[in-house]
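Single-structure report; data block below.
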Amino acid sequence: MTIKDRISEKFSALFSGHGAIYMSAGRINLIGEHTDYNGGFVFPGAIDKGIWVEMKPNGGKSARVYSLDYGEYAEFGMDEKDKPSSSWARYVFGVCREIIKRGYDVCGFDAVFSGDVPLGAGLSSSAALESAFGFGLNDMFSLGIPGFELALIGQATEHNYCGVNCGIMDQFASIFGKAGNLMRLDCMTLEYEYYPFAPEGYRLVLLDSVVKHELVGSPYNRRRESCERVAEKLGRKFLRGASMSDLEAVRADISEEDYKRARYVIGEEKRVMTVCDALQKGDYETVGRMMYETHRGMRDDYEVSCEELDFLNNLALDCGVTGSRIMGGGFGGCTINLVREGVYHDFIDKATVSFASRYGHAPKVYDVVISDGARRIG
Ligand code: GLA
């Protein structure tokens, strides 16, 4: 049974009849990590894994929501005081509240949802959840909220209801993703451009270390604070646009740790631009080189990698993989790998065997299919 069929079956069992069905996607990011909240560029795309939700107005004032994956039900009103206790329900509640705060009406509704984005793998299951509900409520109640605003609503949900001061990349990709395309998003202006991505002779594959990353209450927010402190020292709103010589000029006034965080971000800005040029020329060797550099920066300067991810990255290098790096916020999750067809099977076999013999379990392998973002599917 497909996820769509499973939520439909549960919906009609719990509530009467059927509602509209929406899907929103998880994301990958080719390059540009921890640049979004620094006003920089990112290079994400939506994937074929996501969250499906069936929903229907219930004529009342409360939301009645069932999570098929957790096997849990939550019912809540739309006022601030009605905040539910379970963490998944807080995402849904947060989306409703952020819509209401912007002056739109959210009436009572029934919903059942489920998904196949692995949790804590750095593929933005939470953005997919926020976008599926944001997109669905907007469509179902004909609210007329533009896509940009839906992405900001998802981000504000993370900030105000889930404790993660994330950037805009995940929610943006989840809403605006387009099959076969990555997008270069300027996180300062929210201008974006699609880049068709079908590198002939190469594959994009994710290796999930299955080390769970948990951004809530994590050092993620501290990374952001470091960047903000350095930007302030430089008299800027964001680190975006700062040069290494700007950074050197304030080195004596900032901590060594903040210096390293900013050095990574400034380097990453350059790498995103290099990758844009390289993609236009079909130069995937350069793209791959930049990915390895990003990994080193995230490992040594930003310090968001972990032993398992470094192990996978080294394996990729040994197997002659074109590019490999930790993807997403870090602290666990996946590496993203740009692999020539000719070395693909050898790489996957070696990675599976050596990772398993070292850590007692094989990494999960996900072939990337770049897909559409939020949409109605039934
Ligand atoms: C998480 C956040 C994003 C972004 C990435 C790192 O996925 O939600 O906003 O900062 O980490 O690039």
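The values are calculated or read from the model by the stated rules, or taken from the named source; none is laboratory data. All figures in this text were calculated on a predicted structure; none of them were measured in a lab. Cβ atoms come from the backbone with ideal geometry, glycine included; neighbour counts cover every protein chain shown. Calculation scope for accessible area: heavy atoms of the full protein, side chains included, ligands and nucleic acids excluded. Shrake-Rupley method; radii C 1.70, N 1.55, O 1.52, S 1.80 Å.
Summary of computed values
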quantity	calculated
The range 114-143, residues that are away from the ligand (no atom under 16 Å from the Cβ) and open to solvent by 10 Å² or more (accessible area, probe 1.4 Å)	GLY115, ASP116, PHE135, ASN138, ASP139, MET140, PHE141, SER142, LEU143
Entirely in the range 140-251, the helices (runs of 4 or more DSSP H) that have 3 or more residues that are more than 28 Å from VAL287 (Cα to Cα)	147-157, 219-233
Matching residues, the range 169-184, being surrounded by fewer than 20 Cβ atoms within 10 Å (Cβ to Cβ) and of a type in the set (A, V, I, L, M, F, W, C)	ALA179
Cross-chain or 6+ apart pairs with Cβ under 7 Å, the range 154-173 first and over 11 Å from SER124 (Cβ atoms) and more than 10 Å from the ligand (Cβ to nearest atom), then open to solvent by 10 Å² or more (accessible area, probe 1.4 Å) and in a loop (DSSP other than H, G, I, E, B)	HIS159/ASN165; CYS162/VAL216; GLY163/VAL216; GLY163/GLY217
Conditions (1) open to solvent by less than 10 Å² (accessible area, probe 1.4 Å); (2) closer than 14 Å to MET327 by Cβ: number failed by ARG299	(1)
Only one of SER24, SER16 that is of a type in the set (S, T, N, Q) and assigned to a loop (DSSP other than H, G, I, E, B)	SER16
Every residue from the range 294-340 that is within 24 Å of PRO199 (Cα to Cα) and either within 15 Å of the ligand (Cβ to nearest atom) or in the same structural domain as GLY167 (by TED's automatic domain parsing) (or both)	THR294, HIS295, ARG325, ILE326, MET327, GLY328, CYS334, THR335, ILE336
Verdict on ARG6 being surrounded by fewer than 17 Cβ atoms within 10 Å (Cβ to Cβ), touching a Leu at 6+ places or on another chain (Cβ under 7 Å) and modelled with pLDDT of 95 or more	yes
Whichever residue in the range 224-240 is within 16 Å of the ligand (Cβ to nearest atom) and surrounded by 15 or more Cβ atoms within 10 Å (Cβ to Cβ) and, among such residues, is nearest to the chain's Cα centre (by Cα)	ARG224
Selection status of LEU338, within 17 Å of ILE28 (Cα to Cα), modelled with pLDDT of 95 or more and surrounded by 18 or more Cβ atoms within 10 Å (Cβ to Cβ)	yes
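Here is a yes/no grid of residues against (1) free of Cβ contacts under 8 Å to residues at least 12 places away in the same chain; (2) touching a strand residue (DSSP E or B) at 6+ places or on another chain (Cβ under 9 Å); (3) on the phi < 0 side of the Ramachandran plot; (4) buried (at least 23 other Cβ atoms within 10 Å of the Cβ):
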site	(1), (2), (3), (4)
GLU256	yes, no, yes, no
LYS260	no, no, yes, no
TYR264	no, no, yes, yes
GLU269	no, yes, yes, no
VAL272	no, yes, yes, no
MET291	no, yes, yes, yes
THR294	no, yes, yes, yes
VAL304	no, yes, yes, yes
